[in-house]
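K.L.:
One structure, as structure tokens, below. Some questions next.
The values are calculated or read from the model by the stated rules, or taken from the named source; none is laboratory data. Keep in mind the model is a prediction, meaning the values are calculated, not measured. In this analysis, Cβ positions are derived from the backbone assuming ideal geometry, glycine residues included, and neighbour counts consider all displayed protein chains. Only protein heavy atoms, including side chains, enter the accessible area calculation; ligands, DNA and RNA are left aside. Shrake-Rupley method; radii C 1.70, N 1.55, O 1.52, S 1.80 Å.
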Amino acid sequence: MAEFSLDALGEACPIPLLKVQKKWPDLKGGDVLIIHIDHSCALKNIPEWARKEGHNVEVEEVEDGVWDIYIEKTA
Amino acid sequence: MTEAQTATTLIRRSPATPKKKKSQIGYTLAAIAVVAAIGIFLAQIKVLLSMIWFLGIGLGVILQKARFCFTASLRDPILTGSTSLTRATLIAFAVATVGFAALQFTNLLKGGPVIGNVSPVGIHTAIGAVLFGIGMVISGGCASGTLMRMGEGFAMQWISIITFVIGSVLGAMHFGWWSEHFFNAAPKIYLPGTFGWAGAFFGQLALLGVLYVLATWYEYRKSN
């Protein structure tokens, strides 16, 4: 149950999603990846990609225009 | 995290005290006041200008709230396998087809000329499309997306818009060369002129419909 975090602040779409996809093989089932983003476009495509792959996703707006996306890898 | 955690619930570790966000109602009211004031000012010059102004603001709001993005409509099918924005774009094209056909056909019945732009098509269309495609994926948005994200406060898009303007100026400077070598020789194809009005109108809608079905199939083919 490890937790990873990715900093994608200031990165325009689609870089945040590509970072997640690159990091993804390092995660084991049950691990959680937290991505910090501030580009609204990533707010749409990261959860969409993760849910499509069957993982649990939650989004939280931590500041105005800054979001944390939590993805839990299903085993 | 506890051992009791199930696979369906994600246990979140939020900060103990969530940061209190500043209220944005003041900014919203100020923005509405400015928009209304400019609208009234434009209406005094010409009512049409004011209508265009409010249409533009409305489109911007929809673009932002719907997270609509022309770049993503072509990029996401490959990157995420999602075609929701692709289908949204196809619906937008279909609506625009009906609207433009109505405008053009009405004008034609009155004996007027064809309204709107009919531009020459050729190899330059493909070159431009590839260049624009590369550019908009790198810069994180097409023209409307860049403008919308500038407003959202994503600072990098301000650099995008500056280079966008520089590129447009360069393009305008070289327009003569392109006209001479490509545009003048290229054919102008106006679909109603080629296929007739019924064929062009229903043909285009049918093609968009087929693409819509294909896009839906593409997104859900894996889950079945």
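K.L.:
Within the stretch B:184-201, how many residues turn out to be exposed (fewer than 14 other Cβ atoms within 10 Å of the Cβ) and farther than 17 Å from residue B:122 by Cβ?
P.N.:
4
K.L.:
Identify the residue in the stretch A:53-75 that is acidic (Asp, Glu) and in contact with a His (Cβ under 9 Å, 6 or more places away or on another chain) and, among all such residues, is surrounded by the most Cβ atoms within 10 Å (Cβ to Cβ).
P.N.:
Checking each candidate, the answer is A:72.
K.L.:
Residue B:62 is checked against (1) out of contact with any Gly (no Cβ under 6 Å at 6 or more places or on another chain); (2) open to solvent by less than 60 Å² (accessible area, probe 1.4 Å); (3) at pLDDT below 90 and fails just one. What number does that condition carry?
P.N.:
Unmet for residue B:62, out of (1) out of contact with any Gly (no Cβ under 6 Å at 6 or more places or on another chain); (2) open to solvent by less than 60 Å² (accessible area, probe 1.4 Å); (3) at pLDDT below 90: (2).
K.L.:
Among (1) within 26 Å of residue B:62 (Cα to Cα); (2) in contact with a Phe, Trp or Tyr (Cβ under 7 Å, 6 or more places away or on another chain); (3) not charged (D, E, K, R), where does residue B:203 come up short?
P.N.:
For residue B:203, the failing item is (1).
K.L.:
Now a separate question. Tell me which residues, restricted to the stretch B:84-143, are within 14 Å of chain A (Cβ to nearest Cβ), surrounded by 14 or more Cβ atoms within 10 Å (Cβ to Cβ) and at pLDDT below 90.
P.N.:
B:84, B:85, B:133, B:135, B:136, B:137, B:139, B:140, B:141, B:142
K.L.:
I'm told residue B:165 meets every condition in (1) in contact (Cβ under 8 Å) with a residue 60 or more places away in the chain; (2) surrounded by fewer than 14 Cβ atoms within 10 Å (Cβ to Cβ) except one. Can you identify the failing condition by its number?
P.N.:
(1)
K.L.:
Within the stretch B:185-199, restricting attention to residues that are in contact (Cβ under 8 Å) with a residue 40 or more places away in the chain and part of a helix (DSSP H, G or I), which residue is farthest from residue B:116 (Cα to Cα)?
P.N.:
B:197
K.L.:
Of the residues in the stretch A:35-52, how many are farther than 15 Å from residue A:23 by Cβ and open to solvent by less than 10 Å² (accessible area, probe 1.4 Å)?
P.N.:
4
K.L.:
Scanning the stretch B:175-224 for residues that are hydroxyl-bearing (Ser, Thr, Tyr) and over 24 Å from the mean Cα position of the chain (by Cα), which turns out modelled with the lowest pLDDT?
P.N.:
Among those residues, the one meeting the criterion is B:223.
K.L.:
Mind checking which residues of the stretch A:53-75 are touching a Lys or Arg at 6+ places or on another chain (Cβ under 8 Å), modelled with pLDDT of 90 or more and among the hydrophobic types (A, V, I, L, M, F, W, C)?
P.N.:
If the condition is that a residue be touching a Lys or Arg at 6+ places or on another chain (Cβ under 8 Å), modelled with pLDDT of 90 or more and among the hydrophobic types (A, V, I, L, M, F, W, C), then A:57 is the only one that fits.
K.L.:
Scan the stretch B:144-153 for residues that are open to solvent by 10 Å² or more (accessible area, probe 1.4 Å) and not hydroxyl-bearing (Ser, Thr, Tyr) and jot them down.
P.N.:
Scanning the stretch B:144-153 gives B:147, B:148, B:150, B:151, B:152, B:153.
K.L.:
Keeping to the stretch B:99-148, report how many residues are among the small types (Gly, Ala, Ser) and closer than 30 Å to residue A:39 by Cα.
P.N.:
Number satisfying all stated conditions: 11.
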